[in-house]
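Participant: Would you mind keeping the following structure in view while I ask a few things?
Just so it is clear, none of the values below were taken in a lab; they were calculated from the coordinates. Owing to the predicted nature of the structure, the values given are computational and were not obtained by experimental measurement. When we count neighbours, we look across all protein chains shown, and the Cβ atoms used for this are built from the backbone with ideal geometry, even at glycine.
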Amino acid sequence: MKKSLILSANAVPQNGGQGLNLYHMVESLMESFDIRLFCRQNSTNVKTEVAPPPQLSNLIGRIPVVRRLRDWQNLLSDCQFDRYVSRRISRADLFQGVGGQCRDSLAVARSLGCRTAVDCITTHIDDFESHQRRECAKFRIRPATNSLSRRRQLEEYRIADLIRVLSEHAKRTFLERGFQPSRVIVARPPVDVDLFPQADFTGPKFRISFVGLLEPWKGFHYLMEAFESLDSPDTELILWGGSGTRSVSRYLEERMARNSRIKLRPVSARQVGYGEVYGKSSVLVHPSLSEGFGYVVAEAMASGLPVIVTKNTGSADLVVDGKNGYVVPAGDPEAIRERLAYLVSHPAVVKEMGHAARETMRLRDSDELRCHYAHALDALAS
């Protein structure tokens, strides 16, 4: 008989990074557990309860001046979701919530005798928040988290029996803060190589792509600085993603006005198609200052693209420096520029690295959630 598992995530399955993580979690664990899911939209094959829209959070998002308080908007949404779940969960073998979204639910689950896990999709909150705060200050905008959300996550870490992270880098941020290795388990998300068309490198220009939210802690500004100092007219930088703040939008407008080779495409890779985003690129650069994993890196590698990532990006676990991409220090535009300059002048190396990147993704174990993590949860509930 399958053990019972309650999954909780303030997300829509397959929508954005959190939604994609939730979808993979459900698909990977549904064979091993009897799942009851709490989320924002019913789009899976398991029993699902849909939380109502966060009205106060949505109201803040519609008021021009107040919507700058995005940390409060995020916190209110997560708290409303957490309260909804905590009032409806019942006894189960296991309960798992997403970091920042499940403090109350975890406490209730523990009181009901459930074993508990936190799905931490970022690095440790103190690592993540420190990079957010520093980089957001450069743009004079509020971080996406605040001291209250930090305290909630620290309490979640304390309550949970097990913490799942997406990379060895993310795990290190916990171990550095005194967590026992047995409490923190790495289970990387699966990537199906066959879903991604092969990059052909036939475009008229060397295309450098950034894919993701244009948030300061994602480090896009370091990539733009590197590109502006790159002495190569036959290159272009495409930023695939949107900005949620005026300060970042102004920064982008100023840079694009100065350099017509920088272009903004405010759409998601899934929306426009992987072939259009990755298939027509020459390299993906993911210069994040703090990243639990970085789906876009795995997707680009599956598409046969070389990648340039920072040491602070969890998906650096996938990169063999100099073979299928490069790993550079975080916040170092000169290091990015040097790697880009080399790739621009060595097209054969670009193709070789791209081939190696695709093979890396084809050969890697993509069943960590289905096997390794499912086994860990089963053992936890025994």
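Participant: Work through the residues other than ASP127 whose Cβ is under 10 Å from its Cβ and net out their charges, Lys, Arg +1 and Asp, Glu -1. Walk me through the numbers on the way to the answer.
Facilitator: Values: positive: ARG172, ARG177; negative: ASP126, GLU129, GLU176.
Result for the neighbourhood of ASP127: -1.
Participant: Name all residues of the stretch 118-133 having a backbone nitrogen under 15 Å from the label point set 7 Å from the Cα of SER247 along its Cα→Cβ direction, giving them as ranges.
Facilitator: Answer for this model: 130-133.
Participant: For a quick check: with amide H placed at 1.01 Å from N, whose amide H comes under 5 Å from PHE95's, ignoring anything fewer than 5 positions away on the same chain?
Facilitator: So PHE95 has HN proximity to ILE6, ARG115, THR116, ALA117.
Participant: Hey, another quick one. Over all distinct alpha-carbon pairs, what is the Kirkwood Rh of the stretch 193-363 in angstrom? Before the final figure, lay out the partial values.
Facilitator: Working: mean 1/r = 0.0643 Å⁻¹.
This gives a value of 15.5 Å.
Participant: How would you rank MET256, MET1, going from fewest to most other Cβ atoms within 10 Å of each one's own Cβ? Can you show the working numbers first?
Facilitator: Values: MET256 16, MET1 4.
Ascending number of Cβ neighbours within 10 Å: MET1, MET256.
Participant: Starting from 0.36 nm per residue, how many nanometres of slack lie between LEU154 and SER260 once their C-alpha separation is accounted for? The partial results should precede the final answer.
Facilitator: Numbers: separation 106, 0.36 × 106 = 38.16 nm, distance 4.48 nm.
Going from the current span to full extension adds 33.7 nm.
Participant: Students often get this wrong, so try it: which of (i) 1.32; (ii) 0.98; (iii) 1.11 is Cα Rg over 2.2 N^0.38 Å as calculated from the structure shown?
Facilitator: (ii)
Participant: Once both axes come from the Cα atoms, what is the angle between helix 16-29 and the longest principal axis of the chain, in degrees from 0 to 90, rounded to 10?
Facilitator: That works out to roughly 50 degrees.
Participant: By how many degrees, 0 to 90 and rounded to 10, does the Cα axis of helix 125-139 deviate from the longest principal axis of the chain?
Facilitator: 40
Participant: Follow-up. Rounded to whole Hz and in sequence order, give me ³J(HN,Hα) for the stretch 220-227 from the Karplus expression 6.51 cos²θ - 1.76 cosθ + 1.60, θ = phi - 60°, writing x for Gly and Pro.
Facilitator: Those phi angles translate into 4, 5, 6, 5, 5, 5, 5, 5 Hz.
Participant: Relative to the longest principal Cα axis of the chain, at what angle does helix 70-86 sit, 0 to 90 degrees, rounded to 10?
Facilitator: Approximately 30 degrees, to the nearest ten.
Participant: Hey, with R₀ at 51 Å, roughly what FRET efficiency would ASP234 and LEU380 work out to, going by the Cβ-Cβ distance, to 0.05? If you can, show how the numbers build up before the last one.
Facilitator: Values: r = 54 Å, r/R0 = 1.07.
Computed FRET efficiency for ASP234 and LEU380: 0.40.
Participant: Through the Karplus equation 6.51 cos²θ - 1.76 cosθ + 1.60, θ set to phi - 60°, convert the phi angles of the stretch 262-276 into ³J(HN,Hα) values in whole Hz; use x for Gly and Pro.
Facilitator: 3J(HN,Hα) across the stretch 262-276, in whole Hz: 9, 10, 10, 10, x, 9, 7, 4, 5, 5, 8, x, 4, x, 6.
Participant: Also, I was wondering about something else. How much length is gained on full extension from ARG88 to ASP192, taking 0.36 nm per residue of separation minus their Cα-Cα distance? Present the calculation step by step, with values, prior to reporting the outcome.
Facilitator: Numbers: separation 104, 0.36 × 104 = 37.44 nm, distance 3.48 nm.
Answer, rounded to one decimal: 34.0 nm.
Participant: Separate question: Sum -39500 (n - 2.57) across every DSSP H segment of at least 4 residues in the chain, then divide by the residue count to get the 222 nm mean residue ellipticity, nearest 500.
Facilitator: Working: 15 runs with 160 residues, N = 382.
That comes out to -12500 deg cm²/dmol.
Participant: For a quick check: with amide H placed at 1.01 Å from N, whose amide H comes under 5 Å from TYR326's, ignoring anything fewer than 5 positions away on the same chain?
Facilitator: Sorted by chain and number, the residues that satisfy this are VAL307, ILE308, VAL309.
Participant: In the structure displayed, which of LYS263/LYS351; LYS171/LYS323; LYS3/LYS171; LYS171/LYS263; LYS171/LYS205; LYS138/LYS351 lie more than 31 Å apart, Cα to Cα?
Facilitator: On the way: LYS263/LYS351 24 Å; LYS171/LYS323 25 Å; LYS3/LYS171 27 Å; LYS171/LYS263 35 Å; LYS171/LYS205 39 Å; LYS138/LYS351 36 Å.
Too far apart for the 31 Å limit: LYS171/LYS263; LYS171/LYS205; LYS138/LYS351.
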